[in-house]
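**Q** Starting off with a structure, shown below.
The values are calculated or read from the model by the stated rules, or taken from the named source; none is laboratory data. A quick note: this is a predicted structure, and the numbers were derived from the prediction, not measured. Cβ placement follows ideal geometry from the backbone for every residue including glycine, while neighbour counts extend to all protein chains displayed.
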Amino acid sequence: MLQVCTDFRLSMKPFDIVIVGGGGAGLYAAMEAMKTNPGLNVAVISKIYPNRSHTSAAQGGANAALANKAKDDTVEMHIFDTIKGSDYLADQDAVEVLCSEAPKIIRELDNMGTPWSRLDDKTIAQRPFGGAGRPRCCYCADKTGHTILQTLYEQCLRKGVFFFNEYFAIDLSVEGSRSRGLIAMNIKTGKIEAFPAKTVIFATGGYSKMYWNRSSNAAGNTGDGQAIAYRAGIPLKDMEFVQFHPTGLRKSGLLVTEGARGEGGYLVNALGERFMARYAPEKMELGPRDLVSRSLETEILEGRGLDSPAGKYLLLDLRHLGADIIKSRLPQIREMCMYFEGVDPIDEPVPVRPTAHYSMGGIDTDNYGRTIMEGVYAAGECGCVSVHGANRLGGNSLLDILVFGRIAGRAAAEESGKFNPSAIPESEVTRIEHDLRGFMQPKGHYERYGALREELGQTLGLNVGIFREASKIRKGIEDIESLTERFSHVRVFDTGDIYNTNLLQALELKNMLDLAATVAAGALAREESRGSHTRNDFPVRDDKKWHKHTIYTYEEGHPRIGFKPVTMGRYELQERTY
Amino acid sequence: MSDTTIQHHVESRDVTFRVHRFNPQVDSKPYFDDYTIKLEKGITVLRALNYIKEHVDSTVTFRAFCQAGICGSCAMRINGISKLACTTQVWDELDRSRETGIIRIEPLRNLPLIKDLVVEMDPLVGKMKKHSNWVDSRMPEDEWGKKEFLISEKEFLTYDKATDCILCASCVSECTILRAHQEYVSPAVLLKSYRMNVDSRDGIHDQRLAGLVKDHGVWDCTHCYRCQETCVKHIPIMDAIHGIREDAIERRGTKDTSGARHAEAFMDDIAKKGKLVEATLPIRTNGIAWTVKNLLPMAFKMVLKRRTPPPPPLVKASKGIDALRKEFREMTGHVTKDHQKKSGE
Ligand SMILES: Cc1cc2nc3c(=O)[nH]c(=O)nc-3n(C[C@H](O)[C@H](O)[C@H](O)COP(=O)(O)OP(=O)(O)OC[C@H]3O[C@@H](n4cnc5c(N)ncnc54)[C@H](O)[C@@H]3O)c2cc1C
Ligand code: SF4
Ligand code: SF4
Ligand code: FES
């Protein structure tokens, strides 16, 4: 399978469905497509082995109003919590789909073998989660995403889905308003291969890694699918909304979960003060996530952070809890601090700072995952149906990728027969080969992608991070433009074909740069504060002017901004207070 | 907490990474490159490798993704032991290293090499497929989503630990049998098979079991415990291997392999005579080490399970038997330990 040559694939009968991405969204789509029509030719292309996708990092769980734990929980309540959580920017019809499909999808996962934790009455266990009125988060210990991903991967193997593991998607082949399929690189051989396809589903996950080491995300969450679709003429939506988590580890951005503060941990600045007293005198460290994130950021900005080569940070002090409590109740957190920061929280405070965690924006789709381009769909964190609006609730993202992954898979299976794409011209493959070689040419003046990547993360964190204001965002935009210019001088030193991670990282950086331009442009345009988007110069929500989605189209290398109304339903706009 | 300014003092030193290199496009055989960099205490091996790639030699090739010990990408041999680079502290490895200041980095074993530190994972996926490492649900697909299976927390606990596996292949790399036979099923695949077989939702238990008892299957394991000692998620893999063997004897009798037949002879001996006679041990055919490693732990577990009285002291102590007795005690110690671990979770 590895050695399929380009020419052969070009003239091949198109795949019915090519799914880009093997996370929860992509695998659910693949499985559902095979279930809908077992005769289909379904391929999953993934730059890493699917079971390694970032879905595996989700610990908390997935929301569904099963009413196993709280007997009075209802789908209606889940809908309301989600809409309120989104700061009223979610589309209410989409949220209705999300929440009413939720119990079904969780049971379906159970029926196919997901190891959910159990309650005494043998039903699926549920626990409370932020922003939810009832305990409705279904979980498997602290490895929910991991076990869901394993189950889906296993089921896809059972169903005979074609896997192209370690293939890196580079471009969509487009003819007018239609897609002809996908072009990708076989990482193990370096060959550029065409995947003619009737339908393509993008499920490449989030783009929060553009904040680089200020992100809780895996190294490859670089928004490749969004960038490919965007450059191919498909609009993106609500990109300015990026969720920050208050306590990422200083060096890696990895999460220290809220449990640490729940057990009584203190947040302390360089002066030794428990600074939360200034921002939330009653709740202290246990204030809502966005408030605590903003407080940490303020401390750092006002010079009360500690300094290190890895950047400014604050301290999460657990020492007063004592060795016994730390060992018995926070063993995982202790392990993480030791593994990744080299600090044992029993003896030393843990260096932390806010970290970019989740991207609400993505490829603009309808409730079936369809984009404006014929035959192209998107699902998961990569897409934006808009169920999270300006802020997503914990436990709603796993749900999103499952529900809309399945819907997109079914839609593509049912609709693929309608499409009859023309062949991908060989010239497109050779053009990409040529472009990639270009990176390896010796250049008089050259740039290293590693440095650019760090600078991108830095300027985003500083200028388009938790607190935003016009002058800073403009600085961010300038930086992104200059980094984009410098990117054209990037030289890749590894000139080999086999497993060239050097080249891949350069391509990922280009994707992040293109998307960063949309995040910054949207942040500047949106003159209000809503959900995760906080403007110092426009501190309140402005429903009159800004109760609408931001839409971005790619025009000569730059984002052009447009808008789209929010679909309302039963719930009127209200102030969001907790 | 005092009100004086907090200083974070960090220790730093020069560390040499001796990295396995091989690019099949240009190299005729593998070699090692040394990279010496100044590092701060608290750095993981993966971060050090990232640093080398970004600042010293961008051609060094390895896999990494989550950087949080959950995706299983970054397994490699560090100072000779397979483990995750992203959860391994450089300072710990400096303590372990035999050569002062040098950390040796090599690719996993028992899987084909692609480049530098990257090995091919497809053989492992192939084995997962071969052994149906999925739940084949008893519920027809068109009924999915309508109602939950009712499952006790007790049942959940029988496979809870096994579902921690992140398919990093560290155990695969350390497996002694795999070194000799690439066709061997692999510890991770046995673990996964066991996890599926104890799941009450699954409907193909017997079929999966039939595959596991074939050549290069569960009876080939030598009980060397390397896999379990290596597992990056501390999963008691041996419990799974014992579990499959017990199950195989229980359901399929002793027809499958010489291993299973010997186990039965041994059990009979204990059960009927209450003692272990040298002549009835399957030592004749396979030698003493083989017998001890293959049969005793499993057989002993069967004793526990069926509440047969524990074996009395071995009769006729001889030189060989002394050694046997010692190993027997160690093995059975292992088994009880695994059991305690499991119930303590
Ligand atoms: C630390 C952490 C904890 C979280 N906890 C929770 C939680 O408790 N509950 C919850 O609901 N959500 C949680 N989330 C969010 C949730 O995990 C993610 O939003 C979700 O898993 C995304 O799934 P996905 O399928 O869209 O993408 P991913 O799982 O990220 O998969 C993306 C796939 O795309 C592939 N891909 C990407 N680019 C390319 C390319 N160029 N070519 C080929 N393939 C490509 C990758 O190989 C991968 O297979 C958490 C997130 C993080 C970071
Ligand atoms: S105990 Fe068995 S499976 Fe584990 S490493 Fe030894 S031979 Fe391999
Ligand atoms: S059993 Fe342990 S060592 Fe083996 S692949 Fe799974 S997690 Fe890795
Ligand atoms: S990078 Fe994911 S386990 Fe190490």
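**Q** Run B:Leu111 past the list (1) within 23 Å of B:Ala188 (Cβ to Cβ); (2) within 12 Å of another protein chain (Cβ to nearest Cβ); (3) not charged (D, E, K, R) and report the number of the one that doesn't hold.
**A** Result: B:Leu111 passes all but (2).
**Q** List every residue pair whose Cβ atoms sit under 6 Å apart, with the two residues 6 or more apart in sequence or on different chains, where the first one lies in the stretch B:83-98 and is closer than 11 Å to B:Gly72 by Cα and the second, anywhere, is more than 16 Å from ligand 3 (Cβ to nearest atom) and at pLDDT below 95.
**A** Filtered contacts from the stretch B:83-98: B:Cys86/B:Thr44; B:Cys86/B:Gln67.
**Q** Looking only at the stretch B:140-157, which residues are buried (at least 18 other Cβ atoms within 10 Å of the Cβ) and either more than 7 Å from every other protein chain (Cβ to nearest Cβ) or among the aliphatic types (A, V, I, L, M) (or both)?
**A** B:Ile151, B:Glu155 - these are the residues of the stretch B:140-157 that are buried (at least 18 other Cβ atoms within 10 Å of the Cβ) and either more than 7 Å from every other protein chain (Cβ to nearest Cβ) or among the aliphatic types (A, V, I, L, M) (or both).
**Q** If you don't mind, there's one more thing I want to ask. Name the residues in the stretch A:539-561 that are touching a residue at least 12 places away in the same chain (Cβ under 8 Å) and part of a strand (DSSP E or B), would you?
**A** Hits for the stretch A:539-561 are A:Lys548, A:His549, A:Thr550, A:Ile551, A:Tyr552, A:Thr553, A:Tyr554, A:His558, A:Pro559, A:Ile561.
**Q** Considering the stretch A:145-162 alone, what residues qualify as being buried (at least 24 other Cβ atoms within 10 Å of the Cβ), more than 8 Å from chain B (Cβ to nearest Cβ) and out of contact with any helix residue (DSSP H, G or I) (no Cβ under 7 Å at 6 or more places or on another chain)?
**A** Scanning the stretch A:145-162 gives no hits.
**Q** Which of the residues belonging to the stretch A:396-449 are under 29 Å from the mean Cα position of the chain (by Cα), of a type in the set (Phe, Trp, Tyr) and away from chain B (no Cβ under 14 Å)?
**A** Scanning the stretch A:396-449 gives a single hit, A:Phe404.
**Q** Quick check on the stretch A:171-191. Is at least one of its residues within 30 Å of A:Cys99 (Cβ to Cβ), touching a residue at least 24 places away in the same chain (Cβ under 8 Å) and outside any helix (DSSP H, G or I)? Talk me through it step by step, then tell me what you get.
**A** Restricting attention to the stretch A:171-191, the residues satisfying the condition of being within 30 Å of A:Cys99 (Cβ to Cβ) are none.
No, every residue in the stretch A:171-191 fails to be within 30 Å of A:Cys99 (Cβ to Cβ), touching a residue at least 24 places away in the same chain (Cβ under 8 Å) and outside any helix (DSSP H, G or I).
**Q** Looking at the structure I just gave you, is B:Asp122 under 29 Å from A:Asn500 (Cβ atoms), in contact (Cβ under 8 Å) with a residue 24 or more places away in the chain and within 11 Å of chain A (Cβ to nearest Cβ)?
**A** Answer is no for this residue.
**Q** Right, something else. For residues that are farther than 17 Å from B:His242 by Cα and charged (D, E, K, R), scanning just the stretch B:163-213, find the one that is nearest to ligand 2 (Cβ to nearest atom).
**A** Looking at the filtered set, the residue picked out is B:Glu174.
**Q** Out of the residues in the stretch B:164-177 that are surrounded by fewer than 24 Cβ atoms within 10 Å (Cβ to Cβ) and away from ligand 4 (no atom under 16 Å from the Cβ), which is nearest to B:Ser82 (Cα to Cα)?
**A** So the residue we want is B:Thr176.
**Q** Output the residues belonging to the stretch A:473-492 that are assigned to a helix (DSSP H, G or I), basic (Lys, Arg) and touching an Asp or Glu at 6+ places or on another chain (Cβ under 9 Å).
**A** Within the stretch A:473-492, just A:Arg486 meets the criteria.
**Q** If you take the residues in the stretch A:314-330 that are in contact with a strand residue (DSSP E or B) (Cβ under 9 Å, 6 or more places away or on another chain) and outside any helix (DSSP H, G or I), which one is surrounded by the fewest Cβ atoms within 10 Å (Cβ to Cβ)?
**A** Per the criteria, the residue is A:Asp317.
**Q** Sticking with this one: Can you tell me which residue within the stretch A:107-120, out of those that are touching a residue at least 12 places away in the same chain (Cβ under 8 Å) and in a loop (DSSP other than H, G, I, E, B), is nearest to the other protein chains (Cβ to nearest Cβ)?
**A** My answer is A:Gly113.
**Q** Moving on to the next point. List the number of the failed condition for B:Arg98; all other conditions in (1) surrounded by fewer than 16 Cβ atoms within 10 Å (Cβ to Cβ); (2) within 12 Å of another protein chain (Cβ to nearest Cβ) hold.
**A** (2)
**Q** If you don't mind, there's one more thing I want to ask. Within the group B:Val26, B:Val56, B:Val19, which residue is free of Cβ contacts under 8 Å to residues at least 24 places away in the same chain and more than 10 Å from chain A (Cβ to nearest Cβ)? If you could, list the steps in order and put the result at the bottom.
**A** Working: B:Val26 fails: more than 10 Å from chain A (Cβ to nearest Cβ); B:Val19 fails: free of Cβ contacts under 8 Å to residues at least 24 places away in the same chain.
Criteria check complete, one pass: B:Val56.
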